[in-house]
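Single-structure report; data block below.
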Amino acid sequence: MPQGSESAAEVPLVSVGVPVFNGEAFLEDAIRSVLAQTNGDLELVVCDNASSDRTAEICSDYASGDPRVRYFRNPRNLGAAANYNLAFGHARGRYFKWLAHDDRMLPSFLAKTSRVLEERPEAVLCSTVVSYIDSAGKNLGLYDTKLAGADASSPSARFAWMVLRSHTCVDFFGLIRRESLRRSLLHGSFHGADRALLAQLALRGRMVQLPAPLLAIREHPNRYTRLQRRSAERAVWHAGSGGGQAGFPTWHLYGEYLNMVRREALGPQERSRCYAVLARWWAYNWNCARAVVDVLAVAAPSAPAMAERLKIRLFGAAPGHLIAERRR
C-alpha cells in the first residue's frame, strides 16, 4: 500500500532500519533485539544489499512470522550508503533508527529514547551510552560520547560540539525524529558521511544522551572500519562498484559543513558563529594533517592507514572512547 494512503493507526511510532550485506553471522541477534523491545509499536525494515549468504533466508523467516518485519532485497549491491538510505525510505514511523546488522539493542532502548523525543519536541535525536561487545557478545567496555554537549539552545554551540571533538559517530545510531531527517544528507557516499549528518542534525535541533548503556556495538574483525583502510576500498563500500567519493574525504567533509551552514535555517548571527567554528576546525582533531594525507593518498593509496598507525604509535589512540565497564 502506498505510504500516503495509510491511516494514522497503521503508522508505527518507531521504525528500525537494518541495512545488511552478507550478515548471517550476527543478523538474527540484531533482529531479535528489535522484536524484543518493550515498546512494541514499531516496524523493522530490513534492506538486503543482494547478499549471497543465508541473509535472505533469515529475513524471510522472520518476515513470515512477524507482521512488524518488512523485508526488501536489492537486485544488486548498491553500496552501503544507498542501502542505508533505502532503509529510511521504506520506513513509516514518526521516529527512525538505523541498527547495524551486527549490533543489538537492550529491550528498553526504543521505549526510553522515544519517550524523550515525545516529551521534548525541540530534540531531534536521542541516543545512549554504548556498550562495546565482541563476536561472542561479551562486554568489552563502555563508550560515552558526551552528547549532552549538543543539548544546547544555540545551533552554533551544538555544531561546534559535533565537529570539533574526536568521536566515533556512534550517535548516528540514535533514535532520530523523522521530520528532522527529511531533506537531510542522510548517509552520504563518502567516508565521514555519518559525521556530516550528525553535524547537520545538530544545526536542526537539540541532541539528548541517556546515561544507561542501551545499545551494544559489536567489535569484530569484519567491521567496515577494520576492513576498509584505503580510500578506494572505502568508496566501494559506500557506493558499490560504481565508486563514489573516493578521493579527498577530509576536503569533501569540510565542503559539506560549509554547504549546510549556508543552507540551513539559521539567523545571521548564528550562521556567522558557525563559519567561525569552521575556521577553527582546521586546528582540531588532526584535520589539517588529514587534509594533507588526502593529497598524498592520490599517489600513495595506503597513506591514510599508515598515517593513522603512526599517529597512534606516537600519540596513542583518541582519548575517552572506552571507559571502564560498569557492572549492572
Using Cβ contacts closer than 10 Å as the measure, can you line up Asp144, Asp151 from fewest to most?
Asp144, Asp151
Could you give me the ³J(HN,Hα) list for region 73-85, computed from phi with Karplus coefficients 6.51, -1.76, 1.60 and θ = phi - 60°, whole Hz, x at Gly and Pro?
10, 6, x, 8, 6, 8, x, 5, 4, 4, 5, 4, 6
FRET efficiency (Ser52, Ser272; Cβ distance; R0 56 Å; to 0.05) is 0.65
Please enumerate, by chain and number, the aspartates and glutamates with C-alpha under 16 Å from the C-alpha of Lys112, excluding those fewer than 8 residues away in the same chain.
Asp41, Asp171
So Leu140 and Phe72, fully extended at 0.36 nm per residue minus their Cα-Cα distance, gain in nm 21.2 nm
Ranked His101, His167, criterion: other C-beta atoms within 10 Å, fewest first
His167, His101
Give me the net charge of Thr113's neighbourhood, meaning all other residues with Cβ under 12 Å from the Cβ of Thr113; Lys, Arg count +1, Asp, Glu -1.
+2
Per-pair calculated FRET efficiency, R0 = 22 Å: Glu10 and Glu179 via Cβ, rounded to 0.05:
0.75
Ranked highest first by the average count of other Cβ atoms within 10 Å around their residues, in what order do 74-86, 268-280, 10-22 fall?
10-22, 74-86, 268-280
Relative contact order of region 69-223, defined on C-alpha pairs under 8 angstrom at six or more residues apart (%)
38 percent
Please state the shape class of region 173-218: rounded when a/c is under 1.5, otherwise prolate if a/b exceeds b/c and oblate if not, all from the C-alpha gyration tensor.
oblate
Going from the fewest other Cβ atoms within 10 Å to the most, one would list Ser184, Ser189, Ser154 as Ser154, Ser184, Ser189
FRET efficiency, Leu35 to Arg92 (Cβ-Cβ, R0 25 Å, nearest 0.05)
0.90
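Taken together, the values in this text are just the output of simple stated rules run on the coordinates, not laboratory data. Since we're looking at a predicted model, the values are computed, not measured. Positions of Cβ are backbone-derived with ideal geometry, glycine not excepted, and every protein chain shown enters the neighbour counts.
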